[in-house]
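**Q** Before I ask anything, here is the structure I am working with.
The values are calculated or read from the model by the stated rules, or taken from the named source; none is laboratory data. As the structure is a prediction and not an experimental result, all values here were calculated from the model. Cβ placement follows ideal geometry from the backbone for every residue including glycine, while neighbour counts extend to all protein chains displayed.
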Amino acid sequence: MGDLAWVGVVSALALLVYYFTLFKSGMARVRFNVPAPSHEGPEEYVRHVRAHQNTLEHLVLFLPGMWLFAFAVSPLWAAGLGILWPAGRLAYALGYYRSADARRIGLYVSMPPIYIFVLGSLIGFALALF
């Protein structure tokens, strides 16, 4: 398994951050008494739900992108760059819970790894073909 274990650790951390946003969203539903399946409620509730949904939307790009990059380029580089994503998404969620504007730093930290992974893996695999 070797260096790929680091990519697995970062993947597990990313899933834990996602689960944290899921938990916080569910707790906000209870706290603000918003019955399922509605997503209409006070702004604070909606920010919790959006933090969770946005994290899921990015997770779908992050995990396969990181693994593709690990195979096409380097597992250690993938894990090293990848650790920015869970840290950034946690900062994003915690900021978003306070206010919509407070989410930006976490967004700016968590977005670049996704771009690097997708483009880097495409280039890495293309170079392997030629």
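**Q** Condition first: in contact (Cβ under 8 Å) with a residue 60 or more places away in the chain and either among the charged types (D, E, K, R) or farther than 30 Å from Leu122 by Cβ (or both). Can you find one or more residues in region 65-86 that meet it?
**A** No, there is no match, as no residue in region 65-86 is in contact (Cβ under 8 Å) with a residue 60 or more places away in the chain and either among the charged types (D, E, K, R) or farther than 30 Å from Leu122 by Cβ (or both).
**Q** Right, something else. Look at region 60-111 and say how many of its residues are over 15 Å from Val7 (Cβ atoms) and either in contact with a strand residue (DSSP E or B) (Cβ under 8 Å, 6 or more places away or on another chain) or not β-branched (Val, Ile, Thr) (or both).
**A** Residues flagged as over 15 Å from Val7 (Cβ atoms) and either in contact with a strand residue (DSSP E or B) (Cβ under 8 Å, 6 or more places away or on another chain) or not β-branched (Val, Ile, Thr) (or both) within region 60-111 amount to 24.
**Q** Name the pairs whose Cβ atoms lie under 9 Å apart, with the first residue in region 21-37 and farther than 16 Å from Thr55 by Cβ, the second assigned to a loop (DSSP other than H, G, I, E, B) and charged (D, E, K, R), and 6 or more positions between them or separate chains?
**A** From region 21-37, the pairs are Val34/Glu40.
**Q** In addition: Taking the stated definitions as given, is Val60 of a type in the set (Val, Ile, Thr) and free of Cβ contacts under 8 Å to residues at least 24 places away in the same chain?
**A** yes
**Q** From the list Tyr45, Tyr115, exactly one residue is of a type in the set (Ser, Thr, Tyr), surrounded by fewer than 16 Cβ atoms within 10 Å (Cβ to Cβ) and free of Cβ contacts under 8 Å to residues at least 40 places away in the same chain. Which is it?
**A** Of Tyr45, Tyr115, the one residue that is of a type in the set (Ser, Thr, Tyr), surrounded by fewer than 16 Cβ atoms within 10 Å (Cβ to Cβ) and free of Cβ contacts under 8 Å to residues at least 40 places away in the same chain is Tyr115.
**Q** Given the conditions (1) farther than 23 Å from Asp101 by Cα; (2) at pLDDT below 95; (3) not hydrophobic (A, V, I, L, M, F, W, C), and given that His39 satisfies all but one, which numbered condition is not satisfied?
**A** Failed condition: (1).
**Q** One residue is enough: does region 117-125 have a residue meeting the conditions part of a helix (DSSP H, G or I), over 30 Å from Met27 (Cβ atoms), of a type outside the set (Phe, Trp, Tyr) and under 14 Å from the mean Cα position of the chain (by Cα)?
**A** No, that holds for no residue.
**Q** I need the full set of residues from region 16-42 which are in a helix (DSSP H, G or I), over 16 Å from the mean Cα position of the chain (by Cα) and surrounded by fewer than 19 Cβ atoms within 10 Å (Cβ to Cβ), in order please.
**A** Gly26, Met27, Arg29, Val30, Arg31
**Q** Only one of Trp67, Trp77 is more than 16 Å from the chain's Cα centre (by Cα) and surrounded by 14 or more Cβ atoms within 10 Å (Cβ to Cβ). Can you tell me which?
**A** Trp77
**Q** Can you find, within region 80-116, the residue that is nearest to the chain's Cα centre (by Cα) among those that are of a type in the set (Ser, Thr, Tyr) and assigned to a helix (DSSP H, G or I)?
**A** Residue satisfying both the conditions and the ranking: Ser110.
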